[in-house]
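See structure below.
The values are calculated or read from the model by the stated rules, or taken from the named source; none is laboratory data. Everything numeric in this text was worked out from a predicted model, so none of it was measured. A quick note on method: Cβ atoms are made from the backbone with ideal geometry, for glycine too, and the neighbour counts reach across all protein chains shown. These accessible areas exclude ligands, DNA and RNA; they are computed on the full protein's heavy atoms, side chains included. Shrake-Rupley method; radii C 1.70, N 1.55, O 1.52, S 1.80 Å.
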Amino acid sequence: SKQDKQQQQSDQNLSDDLNNLAKQQEQQSKNSHDLNDKAEKGASKDDLSKEQSKAAQNQEDLRKKTDQAKKQAESQSSKAQSQQEKDAMDKAKDSLEQAQKAQQQAEEKLKSGDAKSAEDLQKQAADKLREAAQQAQKGEDAQKQQEQQEAQAQQQQQGDKQGEKPFDATAAQILDQERKIKEALARLQRQRARPAPVAKDW
């Protein structure tokens, strides 16, 4: 299904998703900065409250996306093929939890009309999203390395199997030779077992 495909794509590149989220989060902090400017310049309360509730809504959407990304990091950590990948995904998940806390607080600040505090919290959230993206990238690199190693190991195994065929032939030849040698020895022993005529030299 289409959703599975998307899931796989986003699974493979959690780091890209997180970099995008960080950019969106930075944009939100700029919006809050603008809101604060407007407030300081004496914009009407009505205008401001509309924009603030819209900003809070946008922040909530971002927090939900961050939550999805966190679940993805958890899922990748549980499926990790190597300790390296697992550790990186766990660290990404921790950074995402911290980002979510800052996002939640920013949302509340926007609702209460404190755009200045929201801006700082949104910057923090963006930093944490970037950190998470870097960790996810490490995890993805570790996963690629692991897959390459496994592919190489498989190729070697296949190579060994192909290499065994001539070895099998030579093994059969050696066994055959051993059998012939044994038979020849047995014949010689039988011949020797016959009482040889004693040459009377007296």
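Table for the structure above
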item: Difference of contour (0.36 nm per residue) and Cα-Cα distance, GLU60 to ASP141; result: 26.1 nm
item: Per-residue HN-Hα couplings for segment 135-148 [Karplus 6.51, -1.76, 1.60; θ = phi - 60°; Hz; x = Gly/Pro]; result: 5, 4, 4, 4, x, 5, 5, 4, 5, 4, 4, 4, 5, 5
item: Projected area averaged over orientations for segment 36-164, convex hull of C-alpha atoms, nm²; result: 9.1
item: Probe 1.4 Å, protein heavy atoms only - accessible area per residue of segment 1-155 in square angstrom; result: 60
item: Positive-end extreme of charge dipole, segment 50-159 - chosen from GLY159, GLN98, ALA133 (charges on Cβ); result: GLN98
item: Residue pairs, from the table LYS41/LYS70; LYS86/LYS111; LYS64/LYS91, whose Cα atoms sit over 29 Å apart; result: LYS41/LYS70; LYS86/LYS111
item: Accessible-area composition of segment 1-134, carbon plus sulfur, in percent [1.4 Å probe]; result: 41
item: Segment 34-129: trypsin sites (Lys or Arg not before Pro) in DSSP coil with no more than 14 other Cβ atoms inside 10 Å; result: LYS41
item: Karplus 3J(HN,Hα) series, Hz, for segment 175-188 with 6.51 cos²θ - 1.76 cosθ + 1.60 (x for Gly, Pro); result: 4, 4, 4, 4, 4, 4, 5, 4, 4, 4, 5, 4, 4, 4
item: Sorted largest first, extent of segment 52-118 alpha carbons per principal axis (Å); result: 46, 17, 9
